[in-house]
Amino acid sequence: MITLKKIGFIGIGLMGKGMSLNLLKAGYPVTVWNRTEAKTKPVVDAGAKLAKTPKEVAENSDIVISIVTGSDDVEEVILGENGAIYGAKKGDVFIDMSTISPIATVKIAEELEKKGVEMLDGPVSGGVIGATNGTLIIMVGGKEKVFEECKPILEAMGKTITYIGGNGDGQVCKAVNQILVGTTMLGVAEALVFAAKAGVDVERVHQAVSGGAAGSWQLTNNGARLLKDDMSPGFKIKDYIKDLRIIMETGDANKMPLPATALVLQMFRHCQAEDMLQDGTQAVVRAVEKLAGQKLVS
């Protein structure tokens, strides 16, 4: 009989809830902690054990997974007071699935290594739907041997799991993903408003270009939302601006010019100034509409 690894899960938010539930469905024993304890209830009701601190999570786990907001939050739950590092034992593995700075990731991995604890960075793409359905795209950095050992656990949460390279490389890959998401989303918004401004039937335009060389996930999915004037979040602007900051900081550290991404950031800053942080990223169309003097949906 195979004994499954004990999993600790830190961060039961919109993403962590679905991911931890999928681990339970796969048969793993799961211990959870969240800053707001009430959010853990659905996972605890499904069979998870509740911990009072990240340290207690690690004490009860072989593998500790975290998915929280930003670099500072990851450092706090892993290295801070009552952090998971203080409950870890030699040979444990920490998998951070947050989207954070590659530089911070390397720093945390180095601190864990001093205690004999391995670390993988495994940021995800696919949003709440992917987290719920277990179909996330997971980009992994760390030692390849550790990745292979942890792959079955990742497969309980994701559909496409790719080993990228050393610590921090998964986060670089996620930054690449977010550059493509933002520049494409801005292009979709600009193109559709362009059609509306020219007086063309925008729904027919959307249908015509979606299946051709210009087709993309953003055009098909968020483009369809724009045609319904639906700004509800699949991924919130506030979280995307955080990702954009990470990209710009990483570009600065690597002396990499990012002209298109810089423009995307400024357009999303407009959304921030208009108190739209809780809207979905497709709401960048509001900035385009204001510049054009043209509503996409009247």
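The values are calculated or read from the model by the stated rules, or taken from the named source; none is laboratory data. Just so it is clear, the structure is predicted and the values come from calculations on it, not from any experiment. Using ideal geometry, Cβ is built from the backbone for each residue, glycine included, and neighbour counts are taken over all protein chains shown. We work out accessible area using only protein heavy atoms, side chains counted, and drop any ligands, DNA or RNA first. Shrake-Rupley method; radii C 1.70, N 1.55, O 1.52, S 1.80 Å.
Per-residue ellipticity at 222 nm, computed for the chain from helices alone with -39500 (n - 2.57) per DSSP H run of at least four residues, works out to -15000 deg cm²/dmol.
What's the longest uninterrupted piece of the chain once you rule out the trypsin sites (Lys or Arg not before Pro) that are loop residues per DSSP with at most 14 other Cβ within 10 Å? Mind showing how you got there, number by number?
Details: sites that count: K52, K89, K90, K114, K115, K228, K255, K295.
With trypsin sites (Lys or Arg not before Pro) excluded where exposed in loops, the chain gives 116-227 as its longest stretch.
Listed cross-link partners K52/K236; K17/K295; K174/K236; K49/K89; K6/K151 are compared with a 25 Å cut-off, the Cα-Cα value being larger for K52/K236; K17/K295.
For the chain, the longest stretch holding no GluC sites (Glu not before Pro) located in a DSSP loop with at most 15 other Cβ atoms within 10 Å is which? So the longest stretch without any such site is 82-273. May I ask for the angle, rounded to the nearest 10°, between helix 14-25 and the longest principal axis of the chain, with both axes built from Cα atoms and the value confined to 0 to 90°? Relative to the chain, helix 14-25 is tipped by roughly 50 degrees. For K290, a cut-off of 14 angstrom between C-alpha atoms picks up these aspartates and glutamates, skipping any fewer than 8 places away in its own chain: E190, E274. Counting only protein heavy atoms and a probe of 1.4 Å, the accessible surface of the chain is 55% carbon and sulfur. Count the net charge of all other residues whose Cβ sits under 14 Å from the Cβ of T135, scoring Lys and Arg as +1 and Asp and Glu as -1. Net local charge, T135 excluded: +1. Once divided by 2.2 N^0.38 Å, the Cα radius of gyration of the chain becomes 1.06.
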